[in-house]
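Inspection log for the structure reproduced underneath, given as structure tokens.
The values are calculated or read from the model by the stated rules, or taken from the named source; none is laboratory data. What you are looking at is a predicted structure, and each value in this text was computed from that prediction instead of being measured. All Cβ positions, even for glycine, are placed from backbone atoms using ideal geometry, and neighbour counts span all protein chains on display. In case anyone asks, the SASA skips ligands and DNA or RNA and just uses the protein heavy atoms, side chains included. Shrake-Rupley method; radii C 1.70, N 1.55, O 1.52, S 1.80 Å.
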Amino acid sequence: MSADDPGAAARAEAVAVAAERRWAIIVIAIIGLLIGMMIVTGLHWAAMPPSRVETVDVRTLHIKGEFVERNLGTTLEPDGRVLVRLIAQQYSFVPQCIVVPENMPVTFRGTSTDAIHGFIVGKSNANSMLVPGFVATFTTTFPKAGEHLMPCHEYCGTGHEAMWARVKVISQPEFLQRIRTESRLSCVQS
Ligand code: CUA
């Protein structure tokens, strides 16, 4: 009987200890691999910033360059692109109401004057962060005419909940006709 055999018990224990050690080695190897991956990817991202990073001087934002007030809003560029320039600040967007055409690619360029802000346009995929010192840019298309809310979605201070703008998507013919006469569109009531 093995129960009466002290040699068998010792052998069984040796087998169990060996199995436990194997598992311990496997678990340590997995943890080591994960930590190694974190270190490698972390260093990689730190050494190589995302491509197409554009910077802008926050101190002169209002005075000169692309984001002066008369430049904000929607334009039709000479190359045919629709371009929306906007600024986020505590606690509003400029312009407060943005006009874009339906079914045409629209490129947004935006930045922030103070804290980190962000915006999303209704249920569309227009969604970006606005970081002081950097220009955020993306291109999207709005398939349907209508009006969307554009709230700030990064907590930026006590006025965060009240920070939002509106986006009006209008038909292509109406947009093209208006942009011919106004050159820079917004729907801010003046
Ligand atoms: Cu701006 Cu939240």
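The condition (being out of contact with any Leu (no Cβ under 8 Å at 6 or more places or on another chain), open to solvent by 90 Å² or more (accessible area, probe 1.4 Å) and in a helix (DSSP H, G or I)) is satisfied by just one residue among Ile26, Ile30: Ile30. Screening the range 78-190 for strands (runs of 3 or more DSSP E) wholly inside it with 2 or more residues that are over 25 Å from His62 (Cα atoms) and open to solvent by 60 Å² or more (accessible area, probe 1.4 Å) returns the ranges 146-151. Beta carbons closer than 9 Å, at least 6 apart along the sequence or on distinct chains, pair a first residue in the range 142-164 that is within 17 Å of Val100 (Cα to Cα) with a second that is more than 10 Å from the ligand (Cβ to nearest atom) and hydroxyl-bearing (Ser, Thr, Tyr) for Phe142/Ser124; Pro143/Ser124; Ala145/Ser171; His148/Ser124. Within the range 120-127, identify whether any single residue is within 10 Å of the ligand (Cβ to nearest atom), polar (S, T, N, Q) and in contact with a strand residue (DSSP E or B) (Cβ under 6 Å, 6 or more places away or on another chain), and answer yes or no. No, because not a single residue in the range 120-127 is within 10 Å of the ligand (Cβ to nearest atom), polar (S, T, N, Q) and in contact with a strand residue (DSSP E or B) (Cβ under 6 Å, 6 or more places away or on another chain). Among the residues of the range 140-158, those that are farther than 10 Å from Val121 by Cα, more than 14 Å from the chain's Cα centre (by Cα) and within 16 Å of the ligand (Cβ to nearest atom) comprise Cys156, Gly157, Thr158.
Residue by residue through the range 66-77, note down the ones that are part of a loop (DSSP other than H, G, I, E, B) and open to solvent by less than 50 Å² (accessible area, probe 1.4 Å). Selection gives Phe67, Val68, Leu72, Glu77.
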